[in-house]
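The block underneath contains the structure these notes are about, expressed in structure tokens.
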Amino acid sequence: MKRTALLLGVVMLSGLLATPATAAPGPVTAAQRAGGASAAAPLVTTAVAKVKAVPARQSIACPTTVAFSAVVAAKGRGTVRYRWVRGDGSKGAVKSFRVAGRRSVVVKDRQTFDRTASGWQAVEILGRRGLSGKARFSVTCAGPVKVYDVATPLPAEPDRPLVAAADVDVRPASYTGACPTNVVFTATVQVSRTPASVSYQWIDSATGEGRPQTLTFAAGGPRVRQVVLPLSVGSSTGGWKAVHLLGPNGHDSARAAYRVTCRRTPPTGPSPTPSTTPTSTPSTTPTSTPSTTPTSTPSTTPTSTPTTTTTPTQPPAQRPATQITAVTPGDYEGSCAEPVAYQAAGRVTLPAGAAQQVTYWWTLDGTAWQRQSVDFPASAQPRSQEVSAGWSLGSTDTGAHTLALLAEGATATGTRAFTFTCGADPGAADLKLKYVLTSQYKGVCDGSFPLHARALLSTDREAEVRYRFVVDGKPGDTRTELLKPGVQQTISDVWYSRATASGSGVVRLEVLNHNRIVKENPYTWTCVPKNPAPGTVDLVSITTTPYFGDCVEAPYVTAHGAFRAAPGTAITWRWVIDGRPDSEHTATVEAGGLLQVQSAYWHRTTKTGGTVRLEVLNHNKPSAEEPYPVTCKN
């Protein structure tokens, strides 16, 4: 079984989880897929209303958080499975609720933003075509992102209303190498005074908002506390986590983004035959039973000074019990183009008694992961600790699965069964790539020089597209663009090279969502020596744009050039495209002595390559001519 990620920790990640119905192993019927009911039961009918974002528009210091909610009304008998779909093509975890008759449920999601953004979210009912109405939002970040870490603490204000701030750090933020590996999130929460109590919740890029939790700051104690959330990753994945403070005067954290790229096929998990080491034994009986007496017990008859004092006895260890309280998304049917993130919440309980440490672990289909421990303080009342796990399933994991939460010496073990089915993804847009333009640079290579990539996309529905250009294997920044149906729109990027000798490379466009288009094309640079006597104006470079596209329409290309001259020099130039002179332009060189120019885009109606020439019409009249290739392909 492929498990993309396993998350184990006392800090609970998944929250506000609707408890899914327990599913018996076996095939899923058409009726179950449609509404979650058995084949004999009537289908569940649903309607989604009051879809909204709060606040819908804001101009504020970032990071900031937007809450989404909707009302799902259901009628019938069965299980309703739903998820949030976002305008950028991403989707939340599938959640569910049961209905027997009539029921209305308020469903929620939360997103944090540390940059200006706009878009929408909608609710998708699995088994139904289409989406609900869209909750549109717009976030305008005013000024730089505020980060409240240990190095920039909140000022102490003991006589004013409480202010709290959060920051999240991830180590490592980017990892490439052998898997499995560990990614650790550390949340730093600060308060302006003590004593204080701060409620917070983790926010995850896939699963939305987590379970509310509370941190207590004692009077006179430190104003900073940290919470650690470990993530064990078994195959390539990525995303972000943040912390949302629930009080009225709280500053949310920015997103802590992470990316793991595994360079070899990860192991599918621990060995089917568990070892006898404590880290991998799935047995409910520990390999070495803890003694009920201390490891070094004082003798009742010492060899030196006799005493009649009896040896204190260790209180007997209490036997724990475990319970799984929620699994999200539980039963799943949908797209497996990307791994589907799962979250589980559980509880370990102890009767009243002395302080005790309990070791627990999760198993999926009988395969155990690394053991964890939780500490219980002494108490005259029954005690409990919340625990959590996270993992991912992919296209090879279709079928019935069983999750279990075990503990050493447990009197009861929590289990939960669910099914995982891969199918079509009706929420993804169908993107079409019309063309890609890359750079063909020729000029002086005595410093950094710009290179370009540009692509034209169309879509069958409104979609926020996430994309990046990868230059010679090095990914650029991930960018977003909101596309409208029926309108062809461009996405682009610029990077700089410090090459000192001629060469070539490959630029790859990666669309990271929807139908995930990937196209790879070459780019080149040709270095020429400096002109020893350039005159008043030195034409230092000309960059043409090779075209790679479907050529259904006439190829659409452009060119760039750069002049070097003394600041204040007025330069008049023109482009000559395929032998036809364009209009003249004049500009004055500013401080720095470099003037960069671009031709208008033009159509190549013959759908073949051509030549473009850049001419200076005054001063010493330098010029340069270069070809631009046109490649027609699907």
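The values are calculated or read from the model by the stated rules, or taken from the named source; none is laboratory data. Fair warning: this is a prediction, and the values are worked out from it, not measured in the lab. Note that each Cβ is placed from the backbone with ideal geometry, even for glycine, and that neighbours are counted across all protein chains shown.
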With the requirement that a residue be closer than 13 Å to residue 386 by Cα and either buried (at least 23 other Cβ atoms within 10 Å of the Cβ) or of a type outside the set (Gly, Ala, Ser) (or both), what does the stretch 321-358 give you? 322, 323, 324, 325, 344, 345, 346, 347, 348, 349, 350, 358
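With within 28 Å of the chain's Cα centre (by Cα), crowded, with 16+ Cβ neighbours inside 10 Å and basic (Lys, Arg) as the only criterion, which of 193, 211, 171 stands out? Walk me through how you get there before you give the answer.
Numbers: 193 fails: within 28 Å of the chain's Cα centre (by Cα); 171 fails: crowded, with 16+ Cβ neighbours inside 10 Å.
Step by step, each of 193, 211, 171 is checked, and only 211 is within 28 Å of the chain's Cα centre (by Cα), crowded, with 16+ Cβ neighbours inside 10 Å and basic (Lys, Arg).
For a quick check of your reading: which strands (runs of 3 or more DSSP E) sit entirely within the stretch 36-107 and have at least 2 residues that are buried (at least 19 other Cβ atoms within 10 Å of the Cβ)?
Values: elements: 45-54, 57-60, 64-86.
In the stretch 36-107, the matching strands (runs of 3 or more DSSP E) lie at 45-54, 64-86.
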Counting only residues that are over 20 Å from residue 571 (Cβ atoms) and either of a type in the set (Asp, Glu) or without any contact (Cβ under 8 Å) to a residue 40 or more places away in the chain (or both), how many does the stretch 503-560 have? 11
I need the full set of residues from the stretch 543-589 which are in contact with a Gly (Cβ under 9 Å, 6 or more places away or on another chain) and more than 27 Å from residue 490 (Cβ to Cβ), in order please. 564, 565, 566, 567, 569, 579, 588, 589
Within 24 Å of the chain's Cα centre (by Cα), part of a strand (DSSP E or B) and free of Cβ contacts under 8 Å to residues at least 60 places away in the same chain, is that true of residue 464? no
Among the residues of the stretch 498-515, the number that are part of a strand (DSSP E or B) and surrounded by fewer than 19 Cβ atoms within 10 Å (Cβ to Cβ) is 6
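So for the stretch 596-616 (the condition being over 47 Å from the mean Cα position of the chain (by Cα) and not aromatic (Phe, Trp, Tyr)), does at least one residue qualify?
Here is the first cut: in the stretch 596-616, the ones over 47 Å from the mean Cα position of the chain (by Cα) are 615-616.
Remaining after also requiring not aromatic (Phe, Trp, Tyr): 615-616.
Scanning the stretch 596-616 turns up at least one residue that is over 47 Å from the mean Cα position of the chain (by Cα) and not aromatic (Phe, Trp, Tyr).
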Among the residues of the stretch 537-579, how many are buried (at least 22 other Cβ atoms within 10 Å of the Cβ) and among the hydroxyl-bearing types (Ser, Thr, Tyr)? 5
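Kindly provide the set of residues from the stretch 189-199 that are touching a Ser or Thr at 6+ places or on another chain (Cβ under 8 Å) and not small (Gly, Ala, Ser), ordered by number.
First, the residues of the stretch 189-199 that are touching a Ser or Thr at 6+ places or on another chain (Cβ under 8 Å): 195-199.
Those that are touching a Ser or Thr at 6+ places or on another chain (Cβ under 8 Å) and not small (Gly, Ala, Ser): 195, 198.
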Could you list all residues from the stretch 141-186 that are farther than 30 Å from residue 56 by Cα, aliphatic (A, V, I, L, M) and in a loop (DSSP other than H, G, I, E, B)? 150, 151, 156, 173, 178
Just one listed residue, out of 529, 534, is within 30 Å of residue 618 (Cα to Cα), surrounded by 14 or more Cβ atoms within 10 Å (Cβ to Cβ) and not small (Gly, Ala, Ser), and it is 534
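Those residues that are farther than 29 Å from residue 47 by Cα, of a type outside the set (D, E, K, R) and under 22 Å from the mean Cα position of the chain (by Cα), I need them from the stretch 118-146; list them, please.
Hits for the stretch 118-146 are 140, 141, 144, 145.
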Being of a type outside the set (Gly, Ala, Ser), assigned to a loop (DSSP other than H, G, I, E, B) and either in contact (Cβ under 8 Å) with a residue 12 or more places away in the chain or farther than 29 Å from residue 445 by Cα (or both) is the requirement here; does residue 485 meet it? yes
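Each row is one residue, and each column tells you yes or no for (1) at pLDDT below 90; (2) aliphatic (A, V, I, L, M).
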site: 135; (1), (2): no, yes
site: 150; (1), (2): yes, yes
site: 166; (1), (2): no, yes
site: 176; (1), (2): yes, no
site: 193; (1), (2): no, no
site: 200; (1), (2): no, no
site: 203; (1), (2): yes, yes
site: 209; (1), (2): yes, no
site: 214; (1), (2): yes, no
Log entry, pairs with first residue in the stretch 173-196 being among the charged types (D, E, K, R), second being not in a strand (DSSP E or B), beta carbons closer than 7 Å, six or more apart or on different chains, reads 193/156; 193/157; 193/158; 193/162
